[in-house]
Structures are given as structure tokens and as C-alpha cells.
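Below: the structure, in C-alpha cells.
The values are calculated or read from the model by the stated rules, or taken from the named source; none is laboratory data. All values reported here derive from a predicted model rather than from experimental measurement. Reconstructed Cβ throughout: ideal geometry from the backbone, glycine too, with neighbour counts over all protein chains shown.
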4 protein chains.
Amino acid sequence: MKKLFNYLRLTFFTLPFLAMQQDKPLRVVFFGDSITQQGVSEKGYITQLRSMLDAKGLGNQYELMGAGIGGNKVYDLYLRIEDDVLAKKPDVVFVYVGINDVWHKRSHGTGTDLDKYVKFYEAIIKKLKDNNIRPILCTPSVIGERMDYSNEQDGDLNLYAAKIRDLAKKHSLGLVDLRAEFQAYLEKNNTNNDERGILTTDRVHLNETGNTFLAEKMMAALLQK
Amino acid sequence: MKKLFNYLRLTFFTLPFLAMQQDKPLRVVFFGDSITQQGVSEKGYITQLRSMLDAKGLGNQYELMGAGIGGNKVYDLYLRIEDDVLAKKPDVVFVYVGINDVWHKRSHGTGTDLDKYVKFYEAIIKKLKDNNIRPILCTPSVIGERMDYSNEQDGDLNLYAAKIRDLAKKHSLGLVDLRAEFQAYLEKNNTNNDERGILTTDRVHLNETGNTFLAEKMMAALLQK
Amino acid sequence: MKKLFNYLRLTFFTLPFLAMQQDKPLRVVFFGDSITQQGVSEKGYITQLRSMLDAKGLGNQYELMGAGIGGNKVYDLYLRIEDDVLAKKPDVVFVYVGINDVWHKRSHGTGTDLDKYVKFYEAIIKKLKDNNIRPILCTPSVIGERMDYSNEQDGDLNLYAAKIRDLAKKHSLGLVDLRAEFQAYLEKNNTNNDERGILTTDRVHLNETGNTFLAEKMMAALLQK
Amino acid sequence: MKKLFNYLRLTFFTLPFLAMQQDKPLRVVFFGDSITQQGVSEKGYITQLRSMLDAKGLGNQYELMGAGIGGNKVYDLYLRIEDDVLAKKPDVVFVYVGINDVWHKRSHGTGTDLDKYVKFYEAIIKKLKDNNIRPILCTPSVIGERMDYSNEQDGDLNLYAAKIRDLAKKHSLGLVDLRAEFQAYLEKNNTNNDERGILTTDRVHLNETGNTFLAEKMMAALLQK
């Protein structure tokens with residue numbers, strides 16, 4: 001008898017809540033560059049994150065969408081935020097950009113000045129907040145996996161990452177400090193001081209381990225409300 | 001008798017119009033980089049243009065304002081157009097930007113990709129037209145005055161200038177083709193193939209002759225309604 | 001009788017000479033970068049030049065050898081001249097280098113300063129002349145085939161090419177002015193102002209037409225003693 | 001008696017040796033870039049080192065000579081080693097080069113590839129050893145004094161410095177590990193994480209404290225025979 005009562009109570013209180021959640025899962029957009037573009041592939045970090053949430057029985061509470069385009073820098077995100085993010089009416093947006101802003105200084109001569117990086121980044125934050133969207137910021141991960149700060153762009157990546165940390169603090173936003181997380185992982189696991197092959201295939205883009213690593217960090221930030 | 005009538009008619013119709021013009025001169029903003037920032041100095045091209053208009057008795061019909069900041073690239077103009085241009089409610093805006101977009105590729109690694117240059121440039125044009133402001137476009141002049149296309153950035157300047165010409169045509173806008181004008185002048189006058197000293201002091205910034213040359217080209221475009 | 005005598009005299013004097021030439025053909029080394037490395041492939045310019053000489057019946061008078069390595073700049077040639085050129089004891093060496101010296105400024109940040117380019121180039125000339133080898137200089141061809149000087153490196157290529165012309169004059173050396181030859185060809189044949197596909201596959205490396213074009217220019221310089 | 005004998009023996013054997021040393025002081029050349037060029041100024045590190053040696057009563061045992069030229073990279077040293085170093089017939093040469101090899105990648109597009117840096121560096125070592133000169137190698141100090149590896153060139157400087165350490169080990173040469181020494185000093189003393197002003201005036205060139213610091217490190221290496 002008590003069991004039945006409990007069952008009813010469970011049904012009574014839980015069903016409407018579940019129903020509501022099923023009607024409207026949290027919509028999450030990952031906004032970034034080629035790493036995020038690859039994030040929706042079979043072993044990509046967004047795909048893996050979806051599986052992780054499913055395994056936790058949270059799959060129906062989150063709708064994950066990729067919005068990554070290869071080669072994008074901060075102002076590319078700015079230029080396409082209406083079409084590719086706001087139009088999707090997300091609740092949460094992970095902003096993960098900066099590697100090309102630094103890298104393209106060398107490879108194309110068209111990287112982004114630090115002060116402009118911050119300006120456009122803040123313009124993105126503003127647009128998201130003006131639309132009641134919660135931004136979660138990510139520091140740029142790596143260009144080269146050597147763990148002794150001898151990758152060519154390490155200096156700049158550290159500098160740009162520091163600015164993202166400042167922005168997260170200034171605007172009280174969630175932060176996935178990928179730069180620090182990758183560095184900590186590589187110090188432990190890259191004993192040969194290799195340039196690639198631990199979390200990346202090519203110094204930048206993630207191998208399966210890297211995508212898993214990223215998915216775990218993203219999930220932690222997503223569940224930490 | 002008919003002559004008198006004509007005179008009266010002329011007076012009758014014209015005076016109010018002139019009066020109106022005197023009440024409200026055409027407000028012209030020069031929007032650009034360090035060359036324009038220096039344009040308001042004693043011998044600068046904006047100052048010289050004002051004198052030229054005065055000499056033609058047109059001084060009270062034009063109000064000239066400088067809005068140049070050193071080091072600016074196209075997206076710097078974009079980021080400050082509201083504060084520095086729209087707020088001044090101009091009728092005409094000369095857009096003169098591109099040298100740093102090309103030059104900073106080499107000097108800072110933070111030049112502007114050609115496609116982004118066009119995107120931000122068109123965003124500027126749109127903002128001006130949306131505010132009923134007439135844009136007049138200027139092609140980037142020179143980085144180095146050698147006349148045989150052996151200045152390091154000549155290739156890129158030619159490429160970016162071609163895009164400005166396309167934009168002027170596409171949007172039916174006035175164009176001051178400084179790149180072509182400078183080249184033509186230098187082919188005639190730079191017989192030693194010097195790098196500087198003909199129209200510039202330092203390969204980029206204008207000497208007095210250069211400022212006069214620029215003022216003349218700007219005036220021609222301004223008077224050509 | 002006189003005719004017979006003449007015939008005999010001809011035989012007498014000429015045959016040993018021809019024999020000598022057949023015994024010891026002129027040894028020609030092509031010293032350069034990836035374009036020259038590809039020059040020894042099936043359709044490469046060195047291979048084509050060999051066929052052209054054969055077709056003229058001059059095949060046994062010339063021994064052609066490639067010494068090109070991808071990515072080489074002037075000081076790479078300098079560093080390997082003993083092993084890769086002098087050790088082969090050539091009579092003539094085509095020096096064809098400069099594209100990477102200019103290109104790597106943008107792509108790797110490790111191009112060659114103009115003054116160092118000249119210094120190492122002259123050190124190469126000196127080593128060749130000290131070994132009684134005749135250098136033939138080549139100006140750098142193209143990085144991009146647009147014919148209106150709107151390829152990004154056109155300015156620098158024109159500048160470096162001018163220095164090679166000066167060096168050829170200063171040291172009284174043969175010159176293959178590839179830069180001027182390509183430009184003239186492209187002005188006539190690149191009516192769409194395309195970036196590639198006329199003489200190159202990828203803006204730099206030669207397609208079959210380009211290799212034929214190069215072989216012709218090299219042959220003209222080689223036969224002009 | 002034995003004591004007296006020992007004293008005499010010491011006198012007998014040592015005095016002539018000291019006399020010889022006084023007759024012919026050790027000739028030391030500092031071979032490098034603008035930092036070394038400034039090293040011979042009034043407060044420069046070479047000048048300070050001379051005073052330090054004087055204060056130790058060792059002034060007449062060392063003859064110090066500067067051979068620094070602003071903007072020099074490793075192949076500039078290579079190109080002028082005969083005239084500027086070998087001609088002076090030194091006993092010891094401090095080789096302190098690498099900052100411009102890294103820096104000019106960004107500022108001029110003409111930095112030095114790591115593998116060429118090593119090749120020319122080894123060619124310099126060889127020329128010194130072939131002339132019975134003892135090379136002492138120095139790792140490149142800093143471009144920017146931030147102590148958290150957020151100076152733009154930190155990655156590359158760490159990489160190039162590691163190669164110098166390898167070269168010193170491989171050739172069994174003295175090493176002044178300026179990179180490590182500066183980093184250790186800055187970690188302690190640059191509590192504001194400033195970009196300049198601790199040991200440098202402008203992120204690269206040394207202030208008086210920096211010159212003193214350098215002189216001390218150089219002296220330690222010089223006296224350690």
C-alpha cells in the first residue's frame with residue numbers, strides 16, 4: 001500500500017517536471033573554429049558529450065548543436081553570430097575561439113591584435129547576454145603539445161588565455177580553462193615532450209583522446225549551473 | 001523688361017536656396033587612419049582642402065571634420081563608427097582605410113584578410129547609407145613610392161585597391177582612386193625610383209606636396225555631385 | 001683534288017675535336033629549389049631541355065644534372081654548394097633561387113633580408129668562379145600569375161629580381177630573366193587575370209607548359225656562349 | 001726544511017707562469033648583436049665586467065673586446081667572423097646570438113629557421129675551434145620580461161635556447177644559460193609581471209641592472225676554466 005502511494009507520489013510530482021523538461025531541453029550551441037566543426041563528427045567532442053549525457057540519463061535535458069567553422073577568428077564569430085547562433089535561440093553558448101587569432105599571425109599575417117580580440121569578444125558576450133543567453137568562455141587550448149613552453153605560439157596563447165580568464169571574471173561567466181587543463185594533462189602525459197600525438201593529431205586538432213578530454217571538461221562546465 | 005524679370009526670378013528662387021545652404025553647410029567627415037589624423041594639422045590635407053574651398057568662395061558651404069586615428073584598420077573604423085562618425089551627423093563621409101590592413105601583415109602579423117576587409121567595409125557602407133550619409137570611397141595610396149612596383153606591399157595594395165573599386169561600382173558610390181592617382185604621379189615624377197620623399201616623408205605619411213595632392217583629389221570628388 | 005684535300009683537312013681537324021666533345025660534354029648543373037627539384041621529373045624543365053637538345057642533335061654535347069631541393073633559400077644553396085655542386089665538377093651552373101627567400105617571409109617568418117640575399121648570392125658566385133665554373137643567374141619567376149601586379153609578393157619579387165639583374169651585370173654573367181619573361185607571357189596569355197593555371201599549377205610550381213617555357217629560356221642562355 | 005723547500009718550489013714554478021700571464025692577458029671577444037654592441041658603453045656589461053675583474057685584481061689578465069652589431073642574426077655573425085673575430089686572434093669568444101633570429105620572424109619576416117640556426121651556429125663553433133679559440137655559448141635572454149611565459153616569443157626563445165644547450169653539451173663547451181638565469185631572476189623579482197623595466201629598458205636591451213646581471217654571469221663563466 002505504501003509502495004503504491006509512493007509510486008503515485010512519484011508520478012504526481014515528477015511527471016509534470018519531466019514533461020516540462022522533455023518539452024524544452026536546454027539548447028546548447030558550441031561556437032568556434034575547426035576544432036568545433038570537427039566536434040560534431042563521429043568521435044568529435046560534441047558527439048561524445050551527447051553520449052556522456054545519455055549515459056548519465058540526462059540526454060533528453062540537453063540539445064547540443066555545433067556552430068564551428070574552420071579558420072574562424074573572433075571577428076568571424078562576431079560577423080556570423082546572428083545567423084549561426086542567435087537564430088537558433090540557444091540557452092547556453094560555449095565560445096571557444098582564439099587559436100586562429102594567434103596562429104594566423106604567423107601563417108597568414110592576419111592574426112588578431114590582443115586589444116581587438118578583447119573588443120570583439122566582449123561584443124559577442126554582449127550580444128549573447130542581450131538575448132538572455134548564458135555564455136561559457138573557453139581559453140584557447142594548444143598549438144603544439146610540448147610541455148616545456150617551447151611551442152612557437154605558447155607566449156601568445158598564454159597571453160590571450162589570460163584575457164579570457166579576465167573576461168570571465170569581469171562578466172561573472174562560466175569558464176572552461178582549456179589552456180590550463182591541457183597544460184596540466186601534457187605535463188603529466190607528454191614525457192617525451194612531443195609536439196603532437198597526445199591530445200592532438202597535428203598540434204592543434206584533437207584526436208579521439210583529445211575529444212574525450214574536451215567533452216569531459218565541457219560537461220563539467222555545463223552541469224555546473 | 002524680360003531681363004529684369006529673369007533677374008528677379010533668379011533672385012527670388014535662388015536666394016532662399018543659397019541662404020539655406022549658408023545656414024546649413026554640407027558636413028563632411030574624413031574617416032581613416034594616421035594619414036587622416038595628420039590631415040587636420042597645419043599643412044594637412046583637410047586643412048588645405050578647407051583653404052582651397054575658401055579660395056573658391058565655397059568655404060561656408062562645407063564643414064570639414066577629421067576622424068582619423070593612427071594604426072586603424074577597417075574593423076577599427078567599424079568599431080568606432082557610431083561614436084566618431086554617426087554621432088556627428090555628417091552628410092558625406094570619405095572612407096580612407098586599407099594601408100594598415102595590408103601593412104600590419106608584415107609589421108604586426110595582424111593585417112586583415114581580403115574577404116574580411118570587404119565584409120567590414122561593406123558593413124561600414126551599410127551603416128552610412130542607413131543613416132542617409134553619402135560615402136565616398138578611397139583606394140589605399142602607397143607603402144613606398146618606387147614607381148616600378150618593387151615596394152614590398154605593392155601586390156597586396158593593388159589587390160585591396162581593386163576591391164574598393166569594385167565596391168564603389170557595386171554600390172554606385174563616389175571613388176577617389178588614390179592608388180591610381182599616386183601611381184600616375186610617381187611614374188612621372190619619381191625618376192630616381194626613390195622609396196620616399198616625393199609625396200611622402202616615410203613611404204606612407206604625406207609631406208606637404210602629398211597633402212596638397214590629396215586635397216585636390218578630395219575636392220574634385222566632393223564637388224562632383 | 002682540292003676538294004678532297006679540303007675534305008680531308010676537315011676530317012683531320014674536326015674529327016678529333018668532335019671526338020673530344022663527345023668524350024667530355026659540357027656538364028651543366030641546375031642549382032635551386034623545388035621548381036628545379038621537379039625539373040628532373042618526366043615532364044620537368046631539365047628533362048624537356050635534354051629532349052630539346054637531342055632534337056637539335058646537341059644531346060651528346062651537354063650533360064644536365066639537377067640539384068634542386070624543395071624549400072631552399074639562398075643560404076641553403078650556400079651551405080650545400082660543396083657537396084651538391086662543386087663535387088660534381090660542372091662547367092656551367094644555373095643558379096635559380098629567390099622565391100622562397102621572399103615567400104617564407106609570409107609563410108614561415110623566415111625569408112631572407114635583401115642585403116643578406118645579395119651577400120650569400122655573391123658568395124655563391126665567388127665559389128663558382130673560383131672553381132672555374134660559369135654561373136648563369138636566373139631571376140625568381142612568380143608567386144601567383146595575376147598579370148596586373150596584384151599578387152601579394154609581386155613587390156618583393158620585383159625588388160629581388162632587380163638585384164639579380166644588377167649582379168649579372170656587375171659580374172658579367174649570363175642571365176635568364178625569368179621574372180620578366182613570365183610577366184611578358186602572362187600579360188599576353190592570362191586574359192582572365194587568374195592566379196594559377198597558365199604556367200603554374202599552384203601559383204609557383206610549373207605545369208607542363210611552364211616547364212616547356214622554362215626549358216626554352218634555359219636553352220637559349222645555354223647555347224648563347 | 002721541507003716547508004721551505006715547498007715554498008721555493010712553489011715560487012720557482014709559479015712565478016714565471018704568473019709573469020707569462022701578465023705579459024699576455026687572455027684575449028676575450030664578445031660576439032653578438034645590439035645587446036653586445038651596447039655592452040661596451042659606459043654602463044654596458046663588458047665595461048662592467050672589466051671593472052669587476054679589476055676589483056678582483058684580475059684586470060691585467062684579461063683583455064675584453066666587443067664585437068656586437070645591432071640586428072645581427074646567426075648568419076650575420078657567420079658572414080663577419082673572419083674580419084671581426086678571427087682577425088683579433090682571441091683566446092676566448094662568447095657567442096651570444098639568437099634574439100633577432102627569433103624576433104625578426106615577427107618584425108621583419110626574416111627570422112632564422114631553427115635548423116639553419118643550428119647549422120650556422122655549428123659553422124661558427126667549427127671556425128673558432130679550428131683557430132684554437134675557446135667558444136663559450138650563451139642562450140638568448142628575453143624578448144619581454146613577463147615571468148609567466150606570456151611574452152609573444154617565449155615559445156621560440158625556449159626552443160632556440162634548448163638547442164644552444166644541446167650544442168654546448170655536444171661540443172663540450174662552456175655555457176652561459178642566460179635564458180634560464182633571466183627567467184629565474186624574473187620569477188623572483190618581477191612580481192607585477194611587467195613587460196619591461198626589471199632587467200631591460202624595452203623588453204630586450206638591458207638597463208644598468210641587467211648589464212650588471214649579465215656581467216656577473218659572464219665573469220662566472222670566464223673564471224671557470
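Key figures for this structure:
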item	result
Number of the condition not met by D:D54 [criteria: (1) away from chain C (no Cβ under 14 Å); (2) acidic (D, E); (3) within 27 Å of D:K170 (Cα to Cα)]	(3)
Any hit, segment D:84-93, residues being under 20 Å from C:D113 (Cβ atoms), out of contact with any Pro (no Cβ under 9 Å at 6 or more places or on another chain) and surrounded by 23 or more Cβ atoms within 10 Å (Cβ to Cβ)	no
Total residues in segment A:25-51, condition closer than 27 Å to A:I143 by Cα and assigned to a helix (DSSP H, G or I)	13
Single residue of segment D:168-185 satisfying the filter (among the aliphatic types (A, V, I, L, M), away from chain A (no Cβ under 14 Å) and out of contact with any helix residue (DSSP H, G or I) (no Cβ under 6 Å at 6 or more places or on another chain)) that is farthest from D:L128 (Cα to Cα)	D:A184
Residues that are polar (S, T, N, Q) and closer than 30 Å to B:L77 by Cβ, drawn from segment A:119-162	A:N131, A:T139, A:Q153
So B:V97, is it touching a residue at least 40 places away in the same chain (Cβ under 8 Å), crowded, with 24+ Cβ neighbours inside 10 Å and within 26 Å of A:D101 (Cα to Cα)	yes
Test for C:L10: is it modelled with pLDDT under 95 and either under 15 Å from the mean Cα position of the chain (by Cα) or part of a helix (DSSP H, G or I) (or both)	yes
Residues of segment D:151-177 classified as hydroxyl-bearing (S, T, Y) and buried (at least 21 other Cβ atoms within 10 Å of the Cβ), total	1
Filter result (in contact with a Gly (Cβ under 9 Å, 6 or more places away or on another chain) and assigned to a helix (DSSP H, G or I)) within segment B:100-132	B:N100, B:D101, B:V102, B:W103, B:H104, B:K105, B:R106, B:Y117, B:Y121
Count of segment B:65-117 residues which are away from every other protein chain (no Cβ under 13 Å) and touching a strand residue (DSSP E or B) at 6+ places or on another chain (Cβ under 7 Å)	16
Tally of residues being assigned to a helix (DSSP H, G or I) and either of a type outside the set (V, I, T) or within 17 Å of C:G144 (Cα to Cα) (or both) across segment C:160-182	15
Tally of residues being touching a residue at least 12 places away in the same chain (Cβ under 8 Å) and touching a Leu at 6+ places or on another chain (Cβ under 8 Å) across segment A:59-74	4
Candidate set from segment D:186-225 (those that are assigned to a helix (DSSP H, G or I) and more than 17 Å from the chain's Cα centre (by Cα)); member that is surrounded by the fewest Cβ atoms within 10 Å (Cβ to Cβ)	D:K188
So D:K126, is it farther than 29 Å from C:W103 by Cα, within 14 Å of chain C (Cβ to nearest Cβ) and without any contact (Cβ under 8 Å) to a residue 24 or more places away in the chain	yes
Members of segment C:136-150 found to be away from chain B (no Cβ under 14 Å) and either crowded, with 23+ Cβ neighbours inside 10 Å or of a type in the set (D, E, K, R) (or both), listed by number	C:L137, C:C138, C:S141
Whichever residue in segment D:57-99 is in a loop (DSSP other than H, G, I, E, B) and β-branched (V, I, T) and, among such residues, is nearest to D:K217 (Cα to Cα)	D:V97
Selection status of B:I136, in a strand (DSSP E or B), touching a helix residue (DSSP H, G or I) at 6+ places or on another chain (Cβ under 9 Å) and of a type outside the set (D, E, K, R)	yes
Among the residues listed as C:I198, C:I164, the single one being of a type in the set (A, V, I, L, M), away from every other protein chain (no Cβ under 14 Å) and touching a Gly at 6+ places or on another chain (Cβ under 9 Å)	C:I198
